[in-house]
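Novice: I'd like to ask you about the structure that follows.
The values are calculated or read from the model by the stated rules, or taken from the named source; none is laboratory data. It should be emphasised that the depicted structure is a prediction, and the values quoted were computed from it without experimental measurement. Virtual Cβ from ideal backbone geometry, glycine too; neighbours counted across all protein chains shown.
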Ligand code: 13P
């Protein structure tokens with residue numbers, strides 16, 4: 001399947017890194033480095049506290065700001081949570097949902113994600129839904145089963161005509177923060193499988209949906225991964241914390 005009609009997206013997931021001051025310094029260094037790249041969508045995913053500052057600092061640029069999580073309810077007794085309405089008010093452009101760290105460390109469930117993804121779309125956000133297998137699941141031969149389960153459950157309540165607006169990030173858990181990157185064959189196979197799963201609901205959506213790879217993407221391996229036919233961009237952790245390597249990954253996507 002040709003990727004030529006899909007605009008690549010490079011998003012930096014900062015996780016629990018960067019104060020507001022750190023984030024401001026980063027964006028000051030990043031924006032001038034993006035001026036020559038016109039064919040790539042760029043995203044940053046700061047902590048909640050830095051969202052407003054980043055929305056203000058990136059206004060008018062090609063950088064979109066994503067939250068790292070969101071509750072599915074409009075409001076209520078959910079201590080420590082943030083709603084779509086609250087994020088809308090500060091003009092956030094999207095939200096990362098179902099990152100493996102949220103699933104593994106904070107009990108994020110597919111049941112909650114099935115409510116969060118349509119809620120994000122209804123609020124006008126671009127959701128980046130993360131899916132991926134553990135090392136054990138890959139070794140057992142359960143990668144496809146895991147991906148099928150996550151995609152079917154998490155997108156169950158997304159209407160067919162809006163499926164293509166969801167970005168899906170394939171992030172094998174064994175490759176996150178480990179320096180182990182999926183081989184190009186593994187990344188291509190899994191991202192093509194994710195696309196085929198979307199195709200079971202809508203062929204048109206499968207052709208348009210952006211599938212990202214995430215897991216130890218660096219400036220020196222990005223070009224190879226981003227050239228794969230079913231990889232439409234990257235969700236970058238560690239290498240998104242400094243402007244220079246992150247800009248190099250963006251440049252690789254635009255090459
Ligand atoms: P690393 O790039 O640090 O492996 O993190 C990937 C990730 O989890 C992005 O969401």
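Novice: Among the residues of segment 14-33, which ones are over 11 Å from residue 241 (Cα atoms) and touching a residue at least 40 places away in the same chain (Cβ under 8 Å)?
Specialist: Answer for segment 14-33, where residues must be over 11 Å from residue 241 (Cα atoms) and touching a residue at least 40 places away in the same chain (Cβ under 8 Å): 29, 33.
Novice: For residues that are surrounded by 13 or more Cβ atoms within 10 Å (Cβ to Cβ) and at pLDDT below 95, tally how many sit in segment 2-32.
Specialist: Of the residues in segment 2-32, 1 are surrounded by 13 or more Cβ atoms within 10 Å (Cβ to Cβ) and at pLDDT below 95.
Novice: Of the residues in segment 175-191, how many are buried (at least 18 other Cβ atoms within 10 Å of the Cβ) and either more than 15 Å from the ligand (Cβ to nearest atom) or part of a helix (DSSP H, G or I) (or both)?
Specialist: Filtering segment 175-191 for residues buried (at least 18 other Cβ atoms within 10 Å of the Cβ) gives 175-176, 181-182, 187-188, 190-191.
Subsequent filtering for residues that are either more than 15 Å from the ligand (Cβ to nearest atom) or part of a helix (DSSP H, G or I) (or both) retains 175, 187-188, 190-191.
Number of matching residues: 5.
Novice: Please find, among 218, 157, the residue that is within 30 Å of residue 251 (Cα to Cα), in contact with a helix residue (DSSP H, G or I) (Cβ under 8 Å, 6 or more places away or on another chain) and surrounded by fewer than 18 Cβ atoms within 10 Å (Cβ to Cβ). Walk me through how you get there before you give the answer.
Specialist: Working: 157 fails: within 30 Å of residue 251 (Cα to Cα).
It is 218.
Novice: Related question: Mind checking which residues of segment 83-112 are touching a helix residue (DSSP H, G or I) at 6+ places or on another chain (Cβ under 6 Å) and surrounded by fewer than 18 Cβ atoms within 10 Å (Cβ to Cβ)?
Specialist: Answer for segment 83-112, where residues must be touching a helix residue (DSSP H, G or I) at 6+ places or on another chain (Cβ under 6 Å) and surrounded by fewer than 18 Cβ atoms within 10 Å (Cβ to Cβ): 90, 91, 110.
Novice: Considering only residues that are in contact with a strand residue (DSSP E or B) (Cβ under 7 Å, 6 or more places away or on another chain) and more than 15 Å from the ligand (Cβ to nearest atom), which ones fall in segment 222-247?
Specialist: Matches in segment 222-247: 230, 232.
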